[in-house]
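Here the structure comes first, spelled out in structure tokens, and everything after it is commentary.
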Amino acid sequence: MGQGAFDTLLREHAGLLSRIAASYEADPSLRDDLLQDMTLALWKALPAWRGEAALKTFVARVAHNRGASHVIGRTRHPATHVLDENLADPAHSPESHAQLEQKRLRLQDAVRALPLTLRQAVTLALEGFSQQEIADALGISANNAAVRLNRARKALKTALGESA
């Protein structure tokens, strides 16, 4: 794959890669580093893609593998919380924007607190992947993906204070 085609692939999957990186790293500068690592890993892995799974699934698998390596390497460092510098959406009042942002941050923190196997499955589910696509991306059976999703949902409900 040439540089132009790779650039197109990155543009098409930028949001997916960004959100996967965010599910593994809270610190913006470390998240940027992780995103660069994911991009490099994708560049190196792309020649091995044989079209057995959708390209989106392959991209997610490479990104999750790199994210898992990142988490394993950073397990001794405490998580930090940084305020998002995005401007408020003019369609929402400052209060409603703050409430939505607080919910988003609580969900993101709860996802990050999940065990790695559950975090991977729920991150892909939040990206709209089907159960089979999650299984393909993680190299597990569809039944295993369903079990992981069920456990992740229960853990998230508990963490967010909702009734299971």
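The values are calculated or read from the model by the stated rules, or taken from the named source; none is laboratory data. Because the structure is a prediction, the values reported are computed rather than measured. Cβ: placed from backbone, ideal geometry, glycine included. Neighbour counts: every protein chain shown. Protein only, heavy atoms only, side chains kept; ligands, DNA and RNA dropped before computing areas. Shrake-Rupley method; radii C 1.70, N 1.55, O 1.52, S 1.80 Å.
Within region 45-54, does at least one residue satisfy the condition of being of a type outside the set (D, E, K, R) and closer than 18 Å to R74 by Cβ? No, every residue in region 45-54 fails to be of a type outside the set (D, E, K, R) and closer than 18 Å to R74 by Cβ.
Those helices (runs of 4 or more DSSP H) of region 104-164 in which at least 3 residues are open to solvent by 60 Å² or more (accessible area, probe 1.4 Å), considering only elements entirely within it, cover 131-138, 142-159.
Answer yes or no: is there a residue in region 66-84 that is out of contact with any Gly (no Cβ under 7 Å at 6 or more places or on another chain), open to solvent by 60 Å² or more (accessible area, probe 1.4 Å) and modelled with pLDDT of 90 or more. Yes; the residues of region 66-84 include at least one that is out of contact with any Gly (no Cβ under 7 Å at 6 or more places or on another chain), open to solvent by 60 Å² or more (accessible area, probe 1.4 Å) and modelled with pLDDT of 90 or more. In region 1-55, the residue that is nearest to the chain's Cα centre (by Cα) out of those that are hydroxyl-bearing (S, T, Y) and closer than 23 Å to V111 by Cβ is S23.
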